[in-house]
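*Asks:* Sharing a structure here in structure tokens format.
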Amino acid sequence: DAGVIQSPRHEVTEMGQEVTLRCKPISGHNSLFWYRQTMMRGLELLIYFNNNVPIDDSGMPEDRFSAKMPNASFSTLKIQPSEPRDSAVYFCASSTPGGLSNQPQHFGDGTRLSIL
Amino acid sequence: GDSVTQMEGPVTLSEEAFLTINCTYTATGYPSLFWYVQYPGEGLQLLLKATKADDKGSNKGFEATYRKETTSFHLEKGSVQVSDSAVYFCALSEGNQGGKLIFGQGTELSVKP
């Protein structure tokens, strides 16, 4: 079975550029989560969706960050303009059904983002 | 608000030693509890879970028991292997949060041969 698929695996870009991270959740999962992991702050939830609708975006650091889920099989996390402090590993995770508390989340392998 | 606290790492053990990683939580309701493991360069993987008080989750020789009276979910393994070297995360999820997970800060485990 295909797991959560993230692309790209690595991204290196210059400050000020737009960055788009992509995620394909596991088929049939209807909850999707975006996390950021850094040494200093650990694992932070940025935003999550249920049935393609954003439920909680309180973790999105600022207006430079935006996330969309146009359909059940695709989501994007966009940073515009990017800054060096955005360098981190970004994870996408999905779960089912409808985000019940006892259902585990399945994580992708992450996108390692470096902003120069 | 809800929170999870783990013992600080890194934890360094010799192969075949006994492992305990402490985890305590604060929650307003009756959360489900999880342990996730992250190997280098990979995403998090579910290791085990427990959904109600006194439940014991187990997998790959690891165990954790949901203790409501002490609000704890300590991870244990009787004999660790070098391949268990990873970062371990304790997490909780409450029923009214749409599956949202609250993670602890993670504990790095290094097992030496």
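The values are calculated or read from the model by the stated rules, or taken from the named source; none is laboratory data. Owing to the predicted nature of the structure, the values given are computational and were not obtained by experimental measurement. Using ideal geometry, Cβ is built from the backbone for each residue, glycine included, and neighbour counts are taken over all protein chains shown.
*Asks:* Could you go through the stretch B:33-50 and let me know if any residue there is more than 13 Å from chain A (Cβ to nearest Cβ) and either surrounded by fewer than 18 Cβ atoms within 10 Å (Cβ to Cβ) or out of contact with any Gly (no Cβ under 6 Å at 6 or more places or on another chain) (or both).
*Replies:* no
*Asks:* Scan the stretch A:5-31 for residues that are within 14 Å of chain B (Cβ to nearest Cβ) and outside any strand (DSSP E or B) and jot them down.
*Replies:* Correct list: A:9, A:25, A:26, A:29, A:30.
*Asks:* Taking the stretch B:103-113 on its own, how many of its residues are within 14 Å of chain A (Cβ to nearest Cβ) and either surrounded by 20 or more Cβ atoms within 10 Å (Cβ to Cβ) or among the small types (Gly, Ala, Ser) (or both)?
*Replies:* Adding up the residues that qualify gives 4.
*Asks:* Being more than 10 Å from chain B (Cβ to nearest Cβ), under 14 Å from the mean Cα position of the chain (by Cα) and over 21 Å from residue B:43 (Cα atoms): is that true of residue A:54 here?
*Replies:* Yes; evaluated as a whole, the condition is true for this residue.
*Asks:* Quick test for you: out of A:67, A:2, pick the one residue that is of a type in the set (A, V, I, L, M) and loosely packed, with under 15 Cβ neighbours inside 10 Å.
*Replies:* Testing whether each residue is of a type in the set (A, V, I, L, M) and loosely packed, with under 15 Cβ neighbours inside 10 Å leaves just A:2.
*Asks:* Sticking with this one: Return a yes/no flag: does the stretch A:40-57 have any residue that is closer than 29 Å to residue B:57 by Cβ, in a strand (DSSP E or B) and acidic (Asp, Glu).
*Replies:* yes
*Asks:* List every residue pair whose Cβ atoms lie under 9 Å apart, where the two residues are 6 or more positions apart in sequence or sit on different chains, the first residue falls within the stretch A:32-45 and is away from chain B (no Cβ under 11 Å) and crowded, with 20+ Cβ neighbours inside 10 Å, and the second residue, located anywhere, is in a strand (DSSP E or B) and polar (S, T, N, Q).
*Replies:* From residues that are away from chain B (no Cβ under 11 Å) and crowded, with 20+ Cβ neighbours inside 10 Å, the pairs are A:34/A:75.
*Asks:* Right, here's the next one. At pLDDT below 95 and farther than 25 Å from residue A:59 by Cα: which single residue out of B:61, B:41, B:9, B:99 fits that description?
*Replies:* B:9
*Asks:* Another question, then. All but one of (1) surrounded by 16 or more Cβ atoms within 10 Å (Cβ to Cβ); (2) polar (S, T, N, Q); (3) over 18 Å from residue B:107 (Cβ atoms) hold for residue B:65; state the number of the condition that does not hold.
*Replies:* Of (1) surrounded by 16 or more Cβ atoms within 10 Å (Cβ to Cβ); (2) polar (S, T, N, Q); (3) over 18 Å from residue B:107 (Cβ atoms), only one is false for residue B:65: (3).
*Asks:* Filter the stretch A:80-116 down to residues that are out of contact with any Gly (no Cβ under 7 Å at 6 or more places or on another chain), at pLDDT 95 or above and hydroxyl-bearing (Ser, Thr, Tyr), then give me how many there are.
*Replies:* Residues that pass the stated criteria total 3.
*Asks:* Scan the stretch B:76-95 for residues that are at the interface with chain A (Cβ under 10 Å from one of its Cβ atoms) and acidic (Asp, Glu) and jot them down.
*Replies:* If the condition is that a residue be at the interface with chain A (Cβ under 10 Å from one of its Cβ atoms) and acidic (Asp, Glu), then B:94 is the only one that fits.
*Asks:* For the structure I just gave you, tell me whether residue A:16 is within 15 Å of residue B:44 (Cβ to Cβ) and surrounded by fewer than 18 Cβ atoms within 10 Å (Cβ to Cβ).
*Replies:* no
*Asks:* OK, next. Name the strands (runs of 3 or more DSSP E) wholly inside the stretch A:58-110 in which the number of residues that are away from chain B (no Cβ under 14 Å) and either among the charged types (D, E, K, R) or free of Cβ contacts under 8 Å to residues at least 24 places away in the same chain (or both) is 2 or more.
*Replies:* Strands (runs of 3 or more DSSP E) meeting the threshold: A:65-71.
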